[in-house]
Amino acid sequence: MIAWLMVLGPIYVIVLGTLAWRSRRADQSEMEFLLGNAKLGLMVGLLTTAASLFSTFTLQGMPDFFRQHGVASWIFLAVADGVMIFVIVGFAFYLRRRVAEKGFSGVGPLLNACYETPWAGRMYFLGIFIFLIPYVSIQIKGITIFLTAVFPEFMPTWAWGLAIVGLMLLYSETGGLKAIIFADVIQAVLLLGVVWIIASVCLDKMGGMASMFQQVERENVALLSSPGPKGLLGPQFLFASMLAIAFVPITQPHITTRLVIMKSIKETHRMAIGIGIFAVLVILPTLFIGFYGAINYADLSTAEFLSQVLLFDQLPWVAALGVIGLLAAAISTSDSQLFAMGTEFRGLFEAGRSRMALTRIAIVAFAVCALIFSQIASDELALLALSGFSGTAILGPMILAAILRNRPPATWMIIVTGIGLLSFLASQFGLIPKAVLGMNLNWLIVVLLGLCAFFASRKRLAARNDSPVPN
């Protein structure tokens, strides 16, 4: 495996460097750097969005989630992703219409224009900073687990994380969003290929799909039904998960930006359908890998299970390709989110020559924050990812109130969104209960904010309609 990595690893790094260099222009404008100056076609838009959505969380988090919680995990992610596709179709239409009216240099500046106050963008940035930094950190942590397992004496975990962050910054700071998009295309194909190769090996060792389910039934029959052996996947958890994932294209700036820079709304809708197909293709094999672990490695820790099934049980070239695939998965989401946060940070400031320098510095600073957090993050990658989705979902009603209405919503919507974010954070730290009257606090906050968004829009609209009409 080491020999194969010595060949495949440099090839992968050289490809990334080449793409970054070819994307770089000496006279590159600020908007070309930040938005790629491109109108994405169907295939490029599909692959870059897929690479940004399906990350280390998919290749590492979901197999372990299936191993521990069973087949109902399919409802947790695959069904929720199906709902997300319908959200993309509807939201993209209104988003692109609002962008045509207001312009686009980031989600925060767009919200400022819609609410007619800079506090909307500030609240948005606060929310994505709090919840996306941990999400980026689990990408870094996931791949460092494997690199430490492959090269146990070569470098400590923190040094591997530093090397990965350095690689991300190297090509994203060089070529901007265009370099990230080009890299995403390669990484999406690589991720899909690697996960199916590994899953096929696992399925073959289990004797096929029918034999797999029979063996799982003998090992732990609770894995074949909801809510699973640990009782996690009940109706409230699944509903809260669906809301969190469905809000991803609305609340996470790296996905929203890709919806804006698609060539046309027709191509955007086709891309959404493609994402649904990609989701099924990339999640299904993680079930096979997870059930293989449930049969053979039920008692191992997350790190030991993943190292065993993705590395040591594979042929050397498959294991080496798996490491490269994991690296690609980690980078493809992390670079997009760090770059998007840098873009949103830029939107907090008035126009000026220094904003581009601030953007570059902010991207590096956010990367360092993610690196530090990755050293203390838990091994529960899937649950950490879901917490990030749930946190950003709280921003959804505030965004929808701005995008779906032509007139500015009431500014108090920004305040109640801040209260919602603080309440969710307090529940995550155990300061307040995670359930109220038997209802999951995550989705309860989103539902209540949705009602607030409706009334905030209606109240402002009624006030405008009641105002005197000029002659």
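The values are calculated or read from the model by the stated rules, or taken from the named source; none is laboratory data. Everything numeric here is computed off the predicted structure, so don't read it as measured data. Here the Cβ positions follow ideal geometry from the backbone for every residue, glycine too, while neighbour counts run over all protein chains shown. When the accessible area is computed, the model is the full protein with side chains, heavy atoms only, and any ligands, DNA or RNA have been set aside. Shrake-Rupley method; radii C 1.70, N 1.55, O 1.52, S 1.80 Å.
Quick check on the range 1-158: what does the Kirkwood estimate of hydrodynamic radius come out to from the alpha carbon pairs, in Å?
Across the range 1-158, the inverse of the average 1/r is 19.8 Å.
Taking amide H atoms as placed 1.01 Å from N in the peptide plane, list the residues 5 or more away in sequence, or in a different chain, whose amide H sits under 5 Å from that of V436.
L441
Given the -39500 (n - 2.57) contribution per DSSP H run of 4+ residues, what per-residue ellipticity at 222 nm results for the chain, rounded to the nearest 500 deg cm²/dmol?
Working: 20 runs with 349 residues, N = 471.
-25000 deg cm²/dmol, from helical runs alone.
Taking the Cα centre as origin and putting +1 on Lys and Arg beta-carbons and -1 on Asp and Glu beta-carbons, what dipole magnitude results for the chain, to the nearest 20 debye?
Numbers: 30 positive and 23 negative charges, 364 e Å.
Computed about the Cα centre, the dipole is about 1740 debye.
Could you calculate the FRET efficiency of I376 with L170 from 1/(1 + (r/R0)^6), where r is the beta carbon distance between them and R0 is 25 Å, rounded to 0.05?
Computed FRET efficiency for I376 and L170 comes out at 0.50.
Taking the Cα atoms of the chain, what is the range of coordinates along each of the three principal axes, in descending order and whole Å?
If we take the Cα atoms of the chain, the spans are 80, 59, 42 Å.
In the chain, if the dipole is taken from +1 on Lys/Arg beta carbons and -1 on Asp/Glu beta carbons about the Cα centre, which of G391, T117, G228 is farthest to the positive end?
Final value for the positive-end residue is T117.
Whole-Hz ³J(HN,Hα) for each residue in the range 217-228, computed from phi via Karplus 6.51 cos²θ - 1.76 cosθ + 1.60 with θ = phi - 60°, x for glycine and proline: what do you get?
4, 5, 6, 6, 5, 5, 5, 9, 8, 8, x, x
Determine the distance separating the Cα centre of the range 192-266 from the Cα centre of the range 107-176; give it in Å without decimals.
Here the two parts' Cα centres lie 23 Å apart.
Under 5 Å between amide H atoms, partner at least 5 residues away or on a different chain: which partners does M262 have, H built in plane at 1.01 Å?
Those lying under 5 Å, H to H, from M262 are L40.
For E304 and W412, FRET efficiency with R0 = 56 Å and r from the beta-carbon atoms, rounded to 0.05?
0.65
Please turn the phi angles of the range 136-144 into ³J(HN,Hα) values with the Karplus equation 6.51 cos²θ - 1.76 cosθ + 1.60 (θ = phi - 60°), one per residue in order, whole Hz, x for glycine and proline.
Values per residue, Gly and Pro as x: 4, 5, 6, 5, 5, 5, x, 6, 5 Hz.
For a quick protection proxy, order the peptides 428-439, 48-59 by their average other-Cβ count within 10 Å, most packed first.
The most tightly packed comes first, giving 48-59, 428-439.
Summarise the accessible area of the chain (1.4 Å probe, protein heavy atoms) by the percent that is carbon and sulfur. Each step should come with its number before you reach the end.
On the way: 12840 of 18860 Å².
So the carbon and sulfur contribution to the accessible surface is 68 percent.
Which one of G103, A183, A51 is farthest out on the positive end of the charge dipole of the chain, using unit charges on Cβ (Lys, Arg +1; Asp, Glu -1) and the Cα centre as origin?
G103
Based on the Cβ-Cβ distance of I11 and W196, what FRET efficiency does E = 1/(1 + (r/R0)^6) give at R0 = 22 Å, to the nearest 0.05?
So, using R0 = 22 Å, E works out to roughly 0.60.
In terms of modelled amide H atoms, which long-range or inter-chain residues lie less than 5 Å from the amide H of A72?
So A72 has HN proximity to S225.
For the peptides 195-201, 295-301, what is the packing order when you average, over each peptide's residues, the other Cβ atoms within 10 Å and list the highest mean first?
Descending mean neighbour count gives 195-201, 295-301.
Along the range 324-331, what does the Karplus equation 6.51 cos²θ - 1.76 cosθ + 1.60 (θ = phi - 60°) give for ³J(HN,Hα), rounded to whole Hz, x for Gly and Pro?
5, x, 5, 4, 4, 5, 5, 6
How many nm is it between the label spots at T117 and L224, if each spot is 7 Å from the Cα in line with the beta carbon?
Spacing of the two 7 Å Cα→Cβ label points: 5.7 nm.
Among G293, S374, Y94, whose Cα lies farthest out toward the positive end of the dipole of the chain, if unit charges sit on the beta carbon of Lys, Arg (+1) and Asp, Glu (-1)?
Y94
Looking at this model, which pairs from K141/K230; K141/K434; K39/K266; K102/K263; K39/K102; K205/K230 are more than 23 angstrom apart at the alpha-carbon?
Details: K141/K230 25 Å; K141/K434 26 Å; K39/K266 13 Å; K102/K263 18 Å; K39/K102 18 Å; K205/K230 27 Å.
Pairs exceeding 23 Å: K141/K230; K141/K434; K205/K230.
Using only the C-alpha atoms of the range 233-338, find the volume of their convex hull and express it per residue in Å³.
152
What order do you get for 365-373, 210-218 when each peptide is scored by the mean count of other beta carbon atoms within 10 Å, highest first?
365-373, 210-218
Obtain the nm distance between the two label points defined at F312 and V436 by a simple spin-label model: each point lies 7 Å from its Cα along the Cα-to-C-beta direction.
According to this spin-label approximation, the distance is 4.8 nm.
Given a 1.4 angstrom probe, what's the average accessible area per residue across the chain, in square angstrom?
Per-residue accessible area for the chain comes out at 40 Å².
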